[in-house]
Structures are given as C-alpha cells and as structure tokens.
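The values are calculated or read from the model by the stated rules, or taken from the named source; none is laboratory data. Please read these numbers as outputs of a predicted model, since none were measured by experiment. No Cβ is skipped: glycine too gets one built from the backbone with ideal geometry, and neighbour counts run over all protein chains shown.
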C-alpha cells in the first residue's frame, strides 16, 4: 500500500466571508508580497467532520469535541436517576471531568447552595475529543454511580467504592494533599473510560491531545493546510440596509437598520496530505472503515464549504480541479506554484496550468514525486469524483 495520499484542490468561491477574524473580516495572509484570502485548516476540518455527509458516511464512528462533559452528560444522567443535590453532582462530576482534562474550579458548598443555577464548574477548561466508545463507557459508569449513590442492592463497582473513600479522605486533607488525591481518583476512572484502541474516524484523521493523559493521545493521519487564494485580493465592504415593514414612511422614511459586512471572492488552493498507513493503524487495521474514512474526507474536501455567512452569501462551491497523488515519497505542497499571484483573466484555467507545470518541474529536478496520479477537472469535464475516491482507496 502506498503510504501517502496527497490532494491538491482548486475551488472558486464567489463573494463570501467563509472564515472570519476577530474583527469579523475574512481571514487573510501575505504570500509572495501580496494579500491573499485565507480559510484556516481548523475551519475546514470543523466543516467537514460536522457535515451530514461525514456523519452519515461514518455513522457510529464520529467522536464529540466538547468541554461540556459535566453539564451535558454527567449532570442530566444523574438527575434522571434521582440524584439532584447540586453539591453531590458537583463533587462527582469533577472527578469524572478530570479524566478528560482540568475542570473549571469547584465552588465551595456554600456557593453551590446559594446559587443552584451556577454550572460553570461543570465545564472543562479545554475542549477534548471523545470517541463514541469512551462516551458509552462514561455514561455506563455514571449509571453505576447513580445506583451506588441510591444505595441500590446490587454488586457495586469496587472503583466507585474506593473513590467514595478517597473523597472522604480528601475532604479531611490539606490543600496540597487534596490535589494528589484528585489525581489518584482521575487515574482510577481513566482506566475505565479512556481507550487506546477505538474507531473514531475523525480522531484517527485529525488526532487529539489529552495533556493530562498523554498515553491516550492520537497522532493525526491527515495534515490540512490553510486554503489560500491563488491571486491577490482586496477585502471589500458591503454597506446594507433593512426596511421596517410596518414603517409606512409617514413620519420617517429612513431604514430600520444599517450595517456593514466584509467579503472577498477568490480561487483557492488547498493541500491535504493523508498518511494512509497511520490512518489504518489508528482505526485498528479495519481496512473497510479506513476506506470509508478516506472516501468521506475526499468527498467533503471537494464539496463541503465552511458555514461562515452562508445565509448572507450562499457561497457554496465544489472543487473545480483536484489532483490526487499516491506514493511513498516525501510529501510536498504545490503552493509555490502561486507564489507569484495569478493575474490572467482566466484565473482558474491559469491556476490549473501553473499547478500542473509546477508538478512536472518538481518531477524533473527531484525525480517522480508520486508513484501514481489521477485528476478531476470540472472545467473540461474530465475525470470524476467517484474515480478519485476509487483511486484513493486502491492499493
């Protein structure tokens, strides 16, 4: 099996604001001394993994990225089983939350009793990517915890009993000792919840980092570059007004609302590199699932746009050109083809030509940079997405 699959995509977006900066303007980058539009890799990956296409293609194999483990999973499950005391929920939730990273600070019992609506302590400080099998393990354990707290006559999980004893010890300990006990509790729960082997396709592709539990980290099998426009751009301002339907203009003919939004249009180059061997390893050598994951990723990259300002601009677009390459050679981006901004009136045609020329010139000086290649060109009607997916999955 060829180790690397490289994708080079050219996608033309009409006026849009797909990915905003802190001021609400389209993100940009300086490349080759010229301003370019940019869509961040984080934005692209989020759009792909949260799309209906990705979820339906990989049903049951898509994780959840969240910091609301205590608020959305633990608290509702305990309350459903009749555990409604805020202090009890807070105490146990913190232990479970700590498995996934540092939780927000736990308030004092007095603060909890005085503000039963406060839920900040049920959030984790950082986002964590949870595999479906880990979510199930957590929820099953919360069910066992509820039975334990309700003193039901069943054989209780010895770990929960031990944790309850540790909690009592922690309550009587000094602050320095309390942290050590908390870490000890988290390690015991960690062994029951976190999994080194799972089949979450999005985690296998994009990786995850658990700073407090590095043994459960996953190295990303896919590297996604920031998409950049192949030509120089200038972000434009759109001044708009909205009319009040009930204003008949008898006293005031002015607009009901005025505002500004920024936008830009461009042909974007995107580079994606997938380590197929690592993807297969991350998915426990499940060849069928690895192929489904590759197919879903390729189709998403070709057809799914970030959701930013879509209702305002309807800037949905399919890739007009895709070059797929397979081989064991060291991967390389072809972004250098656009170091000099494209200026020809036929920007898309010129971009395709530049990309292919740079690919051929790289081959001349370095030797073949891929063992096999396949293209899809929607400008000329050559190739197909189906053919590219079959190429990606083939040995």
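Residue 280 - would you say it is over 30 Å from residue 317 (Cβ atoms), at pLDDT 95 or above, touching a helix residue (DSSP H, G or I) at 6+ places or on another chain (Cβ under 7 Å) and not assigned by TED's automatic domain parsing to the domain that holds residue 125?
On the way: over 30 Å from residue 317 (Cβ atoms): yes; at pLDDT 95 or above: yes; touching a helix residue (DSSP H, G or I) at 6+ places or on another chain (Cβ under 7 Å): yes; not assigned by TED's automatic domain parsing to the domain that holds residue 125: yes.
Against the criterion (over 30 Å from residue 317 (Cβ atoms), at pLDDT 95 or above, touching a helix residue (DSSP H, G or I) at 6+ places or on another chain (Cβ under 7 Å) and not assigned by TED's automatic domain parsing to the domain that holds residue 125), residue 280 qualifies.
Quick grid of which residues meet (1) more than 25 Å from residue 199 (Cβ to Cβ); (2) in a helix (DSSP H, G or I); (3) modelled with pLDDT under 90; (4) touching a strand residue (DSSP E or B) at 6+ places or on another chain (Cβ under 6 Å):
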position	(1), (2), (3), (4)
129	no, no, no, yes
138	no, yes, no, no
143	no, yes, no, no
154	yes, no, yes, no
173	yes, no, yes, no
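Only one of (1) in a strand (DSSP E or B); (2) under 23 Å from the mean Cα position of the chain (by Cα) is not met by residue 376, so which one is it?
Condition not satisfied by residue 376: (2).
Listed residues 134, 165; which is assigned to a helix (DSSP H, G or I), more than 28 Å from residue 27 (Cα to Cα) and at pLDDT 95 or above? Talk me through it step by step, then tell me what you get.
Details: 165 fails: at pLDDT 95 or above.
None of the others qualify; the one that does is 134.
Name the residues in segment 295-316 that are modelled with pLDDT of 95 or more and in a loop (DSSP other than H, G, I, E, B), would you?
In the first step, residues of segment 295-316 are kept if they are modelled with pLDDT of 95 or more; the result is 295-304.
Answer for segment 295-316, where residues must be modelled with pLDDT of 95 or more and in a loop (DSSP other than H, G, I, E, B): just 304.
Restricting the search to segment 161-193, which residues are farther than 21 Å from residue 105 by Cβ and either outside the structural domain of residue 137 (by TED's automatic domain parsing) or within 33 Å of the chain's Cα centre (by Cα) (or both)?
Matches in segment 161-193: 188, 191, 192, 193.
Looking only at segment 351-395, which residues are surrounded by 12 or more Cβ atoms within 10 Å (Cβ to Cβ) and on the phi > 0 side of the Ramachandran plot?
383 - this is the single residue of segment 351-395 that is surrounded by 12 or more Cβ atoms within 10 Å (Cβ to Cβ) and on the phi > 0 side of the Ramachandran plot.
State whether one or more residues within segment 208-216 are in a strand (DSSP E or B), surrounded by 14 or more Cβ atoms within 10 Å (Cβ to Cβ) and modelled with pLDDT of 90 or more. Let's see the steps before the verdict.
Step one: filter segment 208-216 for residues in a strand (DSSP E or B), giving 208.
Filter again for surrounded by 14 or more Cβ atoms within 10 Å (Cβ to Cβ), leaving 208.
Subset that is modelled with pLDDT of 90 or more: 208.
Looking for residues that are in a strand (DSSP E or B), surrounded by 14 or more Cβ atoms within 10 Å (Cβ to Cβ) and modelled with pLDDT of 90 or more, one finds at least one in segment 208-216, hence yes.
Any idea which of 285, 311 is assigned by TED's automatic domain parsing to the domain that holds residue 220, free of Cβ contacts under 8 Å to residues at least 12 places away in the same chain and under 20 Å from residue 39 (Cβ atoms)? Break it down stepwise before answering.
Working: 285 fails: under 20 Å from residue 39 (Cβ atoms).
Every option except 311 fails the conditions.
Kindly state which helices (runs of 4 or more DSSP H) lie completely within segment 9-113 and contain at least 1 residues that are under 16 Å from the mean Cα position of the chain (by Cα) and at pLDDT 95 or above.
Numbers: elements: 41-49, 52-57, 75-80, 86-97.
Correct list: 41-49, 52-57.
Somewhere in segment 253-275, is a residue closer than 20 Å to residue 12 by Cα and in a loop (DSSP other than H, G, I, E, B)?
Start the filter on segment 253-275 by keeping residues that are closer than 20 Å to residue 12 by Cα, which leaves 262-272.
Now narrow it down to the ones that are in a loop (DSSP other than H, G, I, E, B): none.
Scanning segment 253-275, I find no residue that is closer than 20 Å to residue 12 by Cα and in a loop (DSSP other than H, G, I, E, B), so the answer is no.
Residue check: is residue 198 touching a helix residue (DSSP H, G or I) at 6+ places or on another chain (Cβ under 8 Å) and not assigned by TED's automatic domain parsing to the domain that holds residue 318? Spell out how you get there, then give the answer.
Details: touching a helix residue (DSSP H, G or I) at 6+ places or on another chain (Cβ under 8 Å): yes; not assigned by TED's automatic domain parsing to the domain that holds residue 318: yes.
Spelling it out, residue 198 is indeed touching a helix residue (DSSP H, G or I) at 6+ places or on another chain (Cβ under 8 Å) and not assigned by TED's automatic domain parsing to the domain that holds residue 318.
Out of the residues in segment 321-333 meeting the condition of being in contact (Cβ under 8 Å) with a residue 40 or more places away in the chain, more than 24 Å from the chain's Cα centre (by Cα) and in a loop (DSSP other than H, G, I, E, B), tell me which one is surrounded by the fewest Cβ atoms within 10 Å (Cβ to Cβ).
Taking the candidates together, the pick is 328.
Restricting to segment 340-350, count the residues that are surrounded by 12 or more Cβ atoms within 10 Å (Cβ to Cβ) and either part of a loop (DSSP other than H, G, I, E, B) or touching a helix residue (DSSP H, G or I) at 6+ places or on another chain (Cβ under 7 Å) (or both). Talk me through it step by step, then tell me what you get.
Step one: of segment 340-350, the residues surrounded by 12 or more Cβ atoms within 10 Å (Cβ to Cβ) are 340-342, 344, 347-350.
Adding the requirement that they be either part of a loop (DSSP other than H, G, I, E, B) or touching a helix residue (DSSP H, G or I) at 6+ places or on another chain (Cβ under 7 Å) (or both) leaves 340-342, 344.
Summing the residues that are surrounded by 12 or more Cβ atoms within 10 Å (Cβ to Cβ) and either part of a loop (DSSP other than H, G, I, E, B) or touching a helix residue (DSSP H, G or I) at 6+ places or on another chain (Cβ under 7 Å) (or both) in segment 340-350 gives 4.
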